[in-house]
Every structure is written in structure tokens, then in C-alpha cells.
Amino acid sequence: MKCPFCSTPDSKVIDSRLSGEGDLIRRRRECEKCQKRFTTYERVENVLPVVAKKDGRREIFDRLKIVHGLKKACEKRPVSMDVLETLVNKIERELQESGEKEVSSSAIGEMVMEALHQVDAVAYVRFASVYRSFKDVNQFMKELEHLLKSRNK
């Protein structure tokens, strides 16, 4: 594994542990050259659907894009990385279990918004405002009203 600090390809594993759900192995590594430590994660590669983008392009599913979007939405919010990882794992599992060969990026965006809606209302609104590209304040207010109605149920 290439060291993220000095790019040396030689590192040694100093600790390995299964994740809480048992579907991920966490490995603590140490670079042979600079002696800095870093963590890697190993998981079984599952066949995921291709993502159909709005502009017609097709891309390989990339869980890091979802993690990045969730991190941005949850910035300065009381949502842990463990919770975000659990959300991404759930979305990824749903996509695998669907058996579909292709899924639209908008369907994935809706899955992310639904997951955020359950976890943190502010993060949900942040994500929705970027994802849905609100054109004006009225659209934003409608989304907030919808959120408030669903919270009061």
C-alpha cells in the first residue's frame, strides 16, 4: 500500500480489526520509509450499478462522492463519521440488492436526502438546497415547510 505521506509503496500492517458489522476490515499501517502511520479499509468488492448522470454520461458508482456530499452537508453539525459511514453503507447495500445494472444519479440523490432527513434536519436542508438547485427563496421555503410538516407528524 502506497504511503499517503511520502508515496513509498512499502508499508507494514501493524493492526487489523473487523468493523462492527463485520463487512469491513480496518488495517493500521506503518510506512517502511518515513514511519508515519495511516489507516486503510478493506471490503469485498460488490457489483454496483452504473450511475446514469443527468447529461447522459455513465460513471462507475463512487461511494466517496456520497461521503463527500454528506460531509459537506453535515459540516459543523453533531453527526459523527460513523453515522455517515452507516448511511453510505445502507445506500450502497440498497443499490446492490436492487439488482439493477443502472441507476440514475437523481435516484441516488433522493436516497441520500431521505437518509439525511432521518438524521439531521439542517444537513438535509443544506443537501437539498444544493442538490435541487433552488432557483429562488420560494422554492427553499416550500422545502422547509415540507420538512416542518413531516417533523410534526
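The values are calculated or read from the model by the stated rules, or taken from the named source; none is laboratory data. All values reported here derive from a predicted model rather than from experimental measurement. Cβ coordinates were reconstructed from backbone atoms using ideal geometry, including for glycine residues, and neighbour counts include every protein chain displayed.
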**Message:** For a quick check of your reading: which strands (runs of 3 or more DSSP E) sit entirely within segment 1-50 and have at least 3 residues that are farther than 27 Å from R93 by Cα?
**Reply:** 11-18, 24-31
**Message:** Pairs please, first residue from segment 60-78 and touching a residue at least 24 places away in the same chain (Cβ under 8 Å), second anywhere and among the small types (G, A, S) and crowded, with 19+ Cβ neighbours inside 10 Å, Cβ atoms under 8 Å, 6+ apart in sequence or on different chains.
**Reply:** L70/A123; A73/A123; C74/A123; R77/A123
**Request:** Give segment 79-115 a look and list any residue that's in a loop (DSSP other than H, G, I, E, B) and exposed (fewer than 12 other Cβ atoms within 10 Å of the Cβ), or say none.
**Result:** S80, G99, K101
**Item:** Hits in segment 78-135 - residues which are acidic (D, E) and farther than 23 Å from D55 by Cα
**Value:** D82, E85, E94, E97, E114, D120
**Request:** Within segment 44-56, track down each residue that is exposed (fewer than 10 other Cβ atoms within 10 Å of the Cβ) and more than 24 Å from V125 (Cα to Cα).
**Result:** V44, E45, V47, D55, G56
**Prompt:** Within segment 58-78, can you find the residues that are assigned to a helix (DSSP H, G or I) and crowded, with 19+ Cβ neighbours inside 10 Å?
**Reply:** I66, G69, L70, A73
**Complete:** Residues of segment 102-119 being modelled with pLDDT under 90 and over 14 Å from the mean Cα position of the chain (by Cα), in sequence order, are S106, H117, Q118
